[in-house]
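So the structure is just underneath, and the comments pick up after that.
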Amino acid sequence: MNNEDRDRYFNMIENNDNVSKTTDGKEFLILVSGIIGLCICLFLFADFFVGLYLNNMSVESQIKLEKTLSMAAVSGENKNLNGKYSKQLAVLNNIKKDIKRLDNRLIGKSEFNIYVDPSSEVNAFVIPDGSIYFTEGLLNEVKDEDVLAFVLAHEIGHYVHRDHLKSFGREIIAGTVFAIATSGQNGNLNTLVNNVHAISHIVYSQSQERNADLYANKTVLKLYGTNDGAIKFMSMIDEKQKLPQFIYYFSSHPSPKDRILLLKNDAQKYKRGL
């Protein structure tokens with residue numbers, strides 16, 4: 001092929017719309033970036049309006065939605081456990097009354113019934129209707145009132161911020177958006193988009209936990225004048241878990257050390273404001 005023929009050949013390729021002018025890898029990268037960008041934009045748009053609605057929904061609508069999403073009534077086993085831990089539950093119910101008096105946002109909302117869950121883990125959780133579960137593991141481990149108050153206030157904080165309703169809404173939005181965006185795409189792209197969704201969930205969940213910690217921290221500061229119980233609980237969790245710091249980048253909860261630092265800084269700001 002002489003120089004003239006070669007030049008004519010390359011010009012033909014350059015001007016042919018049916019011939020790709022980029023490598024397959026570059027085209028795939030552009031496609032992935034576009035799809036992920038579209039997913040994020042659609043997700044943020046929908047998430048904003050769902051959050052706006054949930055933050056401003058009527059009390060009647062909130063209660064109906066909470067009942068719909070909540071699990072069934074407490075089992076007989078749990079009722080028996082409530083009798084076993086009656087003293088601690090009595091303390092918790094008294095603390096609950098004090099917390100409800102501190103926050104007008106709780107007026108006319110859940111009764112925050114407290115139950116015992118037969119798990120050996122040191123944990124507590126709240127379901128959408130405001131019912132709060134303390135595990136046997138936690139009640140066997142924690143005896144101090146101010147520590148129990150922090151844990152209880154943390155779970156009530158989730159309820160106040162409507163975290164469960166927002167998380168449920170986000171999962172519906174994310175599932176719909178990513179399913180549409182990856183429909184008919186290859187497996188590698190689906191995996192990548194799902195990983196982006198997982199990372200987004202971790203970041204959001206950690207943000208919810210920090211906000212619940214701050215709510216609980218201010219609550220115990222108002223009730224006891226100190227957040228020693230909060231620091232004690234987080235220190236106990238840190239001692240029990242003994243996990244490397246990097247593990248918490250993949251966890252739904254921030255590391256206990258980070259949470260302790262957050263609580264100490266918040267207490268200093270609170271005291272300066274008094």
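Are any of the pairs Lys67/Lys166; Lys67/Lys232; Lys109/Lys143 more than 26 Å apart by Cα-Cα distance, and if so, which?
Numbers: Lys67/Lys166 15 Å; Lys67/Lys232 34 Å; Lys109/Lys143 28 Å.
Pairs exceeding the cut-off: Lys67/Lys232; Lys109/Lys143.
Of the peptides 222-230, 115-123, how do they stack up when ordered by the mean number of other Cβ atoms within 10 Å, highest first?
Averaged packing, sorted descending, gives the order 222-230, 115-123.
What ranking do 203-211, 125-133, 253-261 get when scored by the average of other Cβ atoms within 10 Å per residue, highest first?
Final packing ranking: 125-133, 253-261, 203-211.
At most 14 other Cβ atoms within 10 Å and a DSSP loop assignment: could you name the trypsin sites (Lys or Arg not before Pro) in the range 95-164 that fit? Mind dumping the intermediate values first?
Numbers: sites: Lys96, Lys97, Lys100, Arg101, Arg105, Lys109, Lys143, Arg162; in loops: Lys109, Lys143, Arg162.
Loop-located and lightly packed - Lys143.
Would you grab the residues whose amide H sits under 5 Å from the one on Tyr115? Only those 5+ places off in sequence or on another chain, please, with H modelled 1.01 Å from N.
Ile132, Tyr133, Phe134
Here, each number is a calculation from the coordinates, and none is a lab measurement. From a predicted model like this one, the values you see are computed outputs, not experimental measurements. Quick reminder, even Gly has a Cβ in these numbers, built from the backbone with ideal geometry, and neighbours come from all protein chains shown.
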